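In what follows, a structure is listed as structure tokens, so that the remarks can point back to it.
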Amino acid sequence: MSLRNAITRDMTASMKAGDKIKLSTLRLLLSSVKYKEVDLKRELNDTEVQQVISTLVRQRHDSIEQFRKGNRADLVEKEEKEAEILKAYLPAQLSAEELRAEVRKIAAEVGASGAQDMGKLMKAVMGELRGKADGKAINDAVKEVLGA
């Protein structure tokens, strides 16, 4: 079953269960997926759907940060719930330790040793770890491994 079908099935189940927050979050997700499909003029595969989900999760985290600055605990709670619902459709994320280990391994494979090799290493790491870790976390790990 494709990821999109699983989301549709879960949306139907949340509608029947009366889970309004999950229902609205999944509707937003499907709407974003359909918008991207119209933009590309084709159906998205599971990897592309995961990229849409990652974007929505990142937006939630940005919103949480802003709402915390504005002392809006009610909105922080809502955004956190939405982020958790969305994360359920993403593959398991690597821990910071696992991420650094993977970056070190890939750096050895491509021969990256200093700050001048950052672009080459980022390209290789993003190709390997896309969807398994946040882009910012990957960038930070690459800088740490290269000593940049």
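The values are calculated or read from the model by the stated rules, or taken from the named source; none is laboratory data. Note that the structure is predicted; figures quoted are calculated from it, not measured. Cβ sites come from the backbone with ideal geometry, for glycine too, and all protein chains shown count toward neighbours.
Some values worked out for this structure:
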quantity: Which listed residue is over 30 Å from Ser14 (Cβ atoms) and charged (D, E, K, R), from Lys87, Lys105, Lys132; calculated: Lys105
quantity: Test: residue in the stretch 136-147 that is in a helix (DSSP H, G or I), under 30 Å from Ile21 (Cα atoms) and not assigned by TED's automatic domain parsing to the domain that holds Thr8; calculated: yes
quantity: Criterion (in contact with a Phe, Trp or Tyr (Cβ under 6 Å, 6 or more places away or on another chain) and assigned to a helix (DSSP H, G or I)) met by exactly one of Ile21, Ile7, Ile53; calculated: Ile53
quantity: Pairs with Cβ under 9 Å, 6+ apart, first in the stretch 64-90 and assigned by TED's automatic domain parsing to the domain that holds Leu29, second surrounded by 15 or more Cβ atoms within 10 Å (Cβ to Cβ) and of a type in the set (Phe, Trp, Tyr); calculated: Ala73/Phe67; Asp74/Phe67; Leu75/Phe67; Val76/Phe67; Lys78/Phe67; Glu79/Phe67
quantity: Residue within the stretch 76-94 that is touching a Phe, Trp or Tyr at 6+ places or on another chain (Cβ under 6 Å) and either of a type outside the set (D, E, K, R) or under 18 Å from Ser54 (Cβ atoms) (or both) present; calculated: yes
